[in-house]
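Peer 1: Submitted below is the structure of interest, expressed as structure tokens.
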There are 2 protein chains.
Amino acid sequence: MALDHAILVSLLEKPGSGYELARRFERSIGYFWTATHQQIYRVLKRMESDGWVDVRDVPQQGRPDKKEYSVAGPGRDALSAWLHEPIEPESVRHDLAVKIRGAAFDDPAALIGEVRRHRRAHTDRLEHYLAGEARDFPEAGGDGPLDAERELQHAVLRGGIAYERMMIAWLDDVLATLARFEADR
Amino acid sequence: MALDHAILVSLLEKPGSGYELARRFERSIGYFWTATHQQIYRVLKRMESDGWVDVRDVPQQGRPDKKEYSVAGPGRDALSAWLHEPIEPESVRHDLAVKIRGAAFDDPAALIGEVRRHRRAHTDRLEHYLAGEARDFPEAGGDGPLDAERELQHAVLRGGIAYERMMIAWLDDVLATLARFEADR
DNA sequence: CCTTGCTATGCAACTCGTTGCATAGCAAGA
DNA sequence: TCTTGCTATGCAACGAGTTGCATAGCAAGG
């Protein structure tokens, strides 16, 4: 149940409403954890009734009021406990890999368009990450004072960058493989 | 609902029982798609009643009888239809990334052990993949006759290998980052 | 005024995935 | 003989995640 913890981390980084959290899950946090607004509202409600988060009604002008959530003591404790217990290395799920192996029983070359589409999605994400890195972490290598929040966010972002680069290279490999079947038909 | 399709692909590669499928999902298929035996039995039952797969009772000596499933026409059609429709690039879920960002609000250096554990899991998997590659795809580069099933399985395996190598390098990066906080406390 | 569109929150129903438990055949060793 | 352990299948309950829908405030433009 790491959605709870992902929300707690996000609220520790910056308190916000369910709506704002949902937007973050489309961006920064969402790079390694996805969630819809439904899930988020439900979890926030549960965490509120468990005393993990505090709520504050924030009137706004020009837009509807919002409920701003922030992490309370018990929520912090729950997060800390989770951080100190081991978790299983994640299990991966790649629809595309299923498709690639399945293509052997259909028309391999027909997959080329789909793989190209995915490649484009990954190059887009990579560019997005790199732009974010240039914007938020400009002092590359300049070892200033240790800011845990910044340094660790940067480390996670570097992971995202490495992942996208790996995927692009692999999809090129797959495309080269598929091309051999195209020449064949 | 790609579990259906993952099972169909696996049965096309080789017919088998629910139990055998569950074992494959711990190994080859499981590298990019996980499933427990419960899920598998449930899906097989549904696909059987939908006519996607055929069943055959296979008596065995020395062990309990089994039901061997194989893909029927409608199942093949369903797979083919899925192969030809676009899918969304997968959404990733990395508990460990949540932990790393969360560690900023706890004790970063306390994560070192956990990250090392994950690194070990990934080096183990990498070695396992490489052994499988050496065993099943020895003729590296030797462009023999085009066998779609083999070539595409190999391409997917290369993806797994690239993924593990990327993860190991990134976890080393994370460990170096965390080490700076250890020196600090 | 009316539509479109963004912010903001939520319910209900459903499907997918996990966990615990149960049963049963058979082999091998203590 | 009794236990352990692997093969083989399955039910029941629960929790996580998805999808469709609903409501409402407010702004901007046609």
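The values are calculated or read from the model by the stated rules, or taken from the named source; none is laboratory data. As the structure is a prediction and not an experimental result, all values here were calculated from the model. Cβ atoms come from the backbone with ideal geometry, glycine included; neighbour counts cover every protein chain shown. Just so you know, the surface numbers come from the protein's heavy atoms only, side chains and all, with ligands and any DNA or RNA stripped out. Shrake-Rupley method; radii C 1.70, N 1.55, O 1.52, S 1.80 Å.
Peer 1: Being among the charged types (D, E, K, R), closer than 29 Å to B:R150 by Cα and modelled with pLDDT of 95 or more is the requirement here; does B:E68 meet it?
Peer 2: Values: among the charged types (D, E, K, R): yes; closer than 29 Å to B:R150 by Cα: yes; modelled with pLDDT of 95 or more: yes.
Taking the combined requirement at face value, the residue satisfies it.
Peer 1: A follow-up question, please. Just the residues that are in contact (Cβ under 8 Å) with a residue 40 or more places away in the chain and under 16 Å from A:E90 (Cβ atoms), please, taken from the range A:3-16. Reasoning before the result, please.
Peer 2: First pass over the range A:3-16, keeping only residues in contact (Cβ under 8 Å) with a residue 40 or more places away in the chain: A:3-5, A:7-9, A:11-13, A:15-16.
Of everything in the range A:3-16, those that are in contact (Cβ under 8 Å) with a residue 40 or more places away in the chain and under 16 Å from A:E90 (Cβ atoms) turn out to be A:L3, A:H5.
Peer 1: Mind checking which helices (runs of 4 or more DSSP H) fall wholly inside the range B:64-142 and carry at least 3 residues that are open to solvent by 20 Å² or more (accessible area, probe 1.4 Å) and more than 30 Å from B:A183 (Cβ to Cβ)? Even if it seems obvious, please write down each step before you answer.
Peer 2: Details: elements: B:73-84, B:95-103, B:112-136.
Answer list for the range B:64-142: B:73-84, B:112-136.
Peer 1: Follow-up question, since we're still on this one. Scan the range A:78-105 for residues that are charged (D, E, K, R) and modelled with pLDDT under 95 and jot them down. Walk me through how you get there before you give the answer.
Peer 2: To start, the set of residues in the range A:78-105 that are charged (D, E, K, R) comprises A:85, A:88, A:90, A:93, A:95, A:99, A:101.
Of everything in the range A:78-105, those that are charged (D, E, K, R) and modelled with pLDDT under 95 turn out to be A:E85, A:E88, A:E90, A:R93, A:D95.
Peer 1: Of the conditions (1) away from DNA strand C (no atom under 16 Å from the Cβ); (2) touching a residue at least 40 places away in the same chain (Cβ under 8 Å); (3) touching a Lys or Arg at 6+ places or on another chain (Cβ under 6 Å), B:V58 satisfies every one except a single condition; which number is it?
Peer 2: Here B:V58 clears every test but (1).
Peer 1: Additional query: Filter the range A:22-78 down to residues that are touching a strand residue (DSSP E or B) at 6+ places or on another chain (Cβ under 8 Å) and among the aromatic types (F, W, Y) and give me whichever is farthest from DNA strand D (Cβ to nearest atom). Can you show your working first?
Peer 2: Just the residues of the range A:22-78 that are touching a strand residue (DSSP E or B) at 6+ places or on another chain (Cβ under 8 Å), to begin with: A:24, A:44, A:47-48, A:52-58, A:60, A:65-72, A:75.
Still in the running and among the aromatic types (F, W, Y): A:52, A:69.
Values: A:W52: 14, A:Y69: 18 Å.
So, considering only residues that are touching a strand residue (DSSP E or B) at 6+ places or on another chain (Cβ under 8 Å) and among the aromatic types (F, W, Y), the one farthest from DNA strand D (Cβ to nearest atom) is A:Y69.
Peer 1: Sticking with this one: So is A:A35 away from DNA strand C (no atom under 13 Å from the Cβ), free of Cβ contacts under 8 Å to residues at least 60 places away in the same chain and within 17 Å of B:D95 (Cα to Cα) or not?
Peer 2: Values: away from DNA strand C (no atom under 13 Å from the Cβ): no; free of Cβ contacts under 8 Å to residues at least 60 places away in the same chain: yes; within 17 Å of B:D95 (Cα to Cα): yes.
Answer is no for this residue.
Peer 1: Can you tell me which residues in the range B:7-23 are part of a helix (DSSP H, G or I) and either at pLDDT below 95 or open to solvent by 50 Å² or more (accessible area, probe 1.4 Å) (or both)? Quick ask: steps written out before the conclusion?
Peer 2: Pass one, the range B:7-23, residues part of a helix (DSSP H, G or I): B:7-13, B:18-23.
B:Y19, B:E20, B:R23 - these are the residues of the range B:7-23 that are part of a helix (DSSP H, G or I) and either at pLDDT below 95 or open to solvent by 50 Å² or more (accessible area, probe 1.4 Å) (or both).
Peer 1: Something else: Taking the range B:25-47, which residues are surrounded by fewer than 19 Cβ atoms within 10 Å (Cβ to Cβ), within 14 Å of another protein chain (Cβ to nearest Cβ) and assigned to a helix (DSSP H, G or I)?
Peer 2: If the condition is that a residue be surrounded by fewer than 19 Cβ atoms within 10 Å (Cβ to Cβ), within 14 Å of another protein chain (Cβ to nearest Cβ) and assigned to a helix (DSSP H, G or I), then B:G30, B:Q39 are the ones that fit.
Peer 1: For B:R93, state whether it is within 12 Å of chain A (Cβ to nearest Cβ) and under 30 Å from A:S70 (Cβ atoms).
Peer 2: Details: within 12 Å of chain A (Cβ to nearest Cβ): yes; under 30 Å from A:S70 (Cβ atoms): yes.
Yes: the conditions hold for B:R93.
Peer 1: Surrounded by fewer than 13 Cβ atoms within 10 Å (Cβ to Cβ) and at the interface with chain A (Cβ under 10 Å from one of its Cβ atoms): does that describe B:D147?
Peer 2: Values: surrounded by fewer than 13 Cβ atoms within 10 Å (Cβ to Cβ): yes; at the interface with chain A (Cβ under 10 Å from one of its Cβ atoms): yes.
When the stated conditions are applied, B:D147 passes them.
Peer 1: Out of (1) open to solvent by 20 Å² or more (accessible area, probe 1.4 Å); (2) within 16 Å of DNA strand D (Cβ to nearest atom); (3) among the small types (G, A, S); (4) facing chain A (nearest Cβ under 9 Å), the odd one out for B:A162 is which?
Peer 2: So the condition that B:A162 fails would be (2).
Peer 1: Which count do you get for residues in the range B:13-30 that are among the acidic types (D, E) and within 16 Å of DNA strand C (Cβ to nearest atom)?
Peer 2: Of the range B:13-30, the ones among the acidic types (D, E) are B:13, B:20, B:26.
Filter once more, keeping what is within 16 Å of DNA strand C (Cβ to nearest atom): B:20, B:26.
The total comes to 2.
Peer 1: Going through the range B:67-90 one residue at a time, which ones are within 16 Å of DNA strand C (Cβ to nearest atom), acidic (D, E) and touching a Lys or Arg at 6+ places or on another chain (Cβ under 9 Å)?
Peer 2: B:E90, the sole residue that qualifies.
Peer 1: Exactly one of these conditions fails for A:L146: (1) over 17 Å from the mean Cα position of the chain (by Cα); (2) of a type in the set (A, V, I, L, M); (3) part of a helix (DSSP H, G or I). Give me its number.
Peer 2: Against the list (1) over 17 Å from the mean Cα position of the chain (by Cα); (2) of a type in the set (A, V, I, L, M); (3) part of a helix (DSSP H, G or I), A:L146 comes up short only on (3).
Peer 1: Let me ask another. Name the single residue, out of those in the range A:1-21 being hydrophobic (A, V, I, L, M, F, W, C) and more than 11 Å from DNA strand D (Cβ to nearest atom), that is nearest to A:I40 (Cα to Cα).
Peer 2: Here is the first cut: in the range A:1-21, the ones hydrophobic (A, V, I, L, M, F, W, C) are A:1-3, A:6-9, A:11-12, A:21.
Filter again for more than 11 Å from DNA strand D (Cβ to nearest atom), leaving A:8-9, A:11-12, A:21.
Working: A:L8: 11, A:V9: 13, A:L11: 12, A:L12: 15, A:L21: 8 Å.
Ranking the candidates gives A:L21 first.
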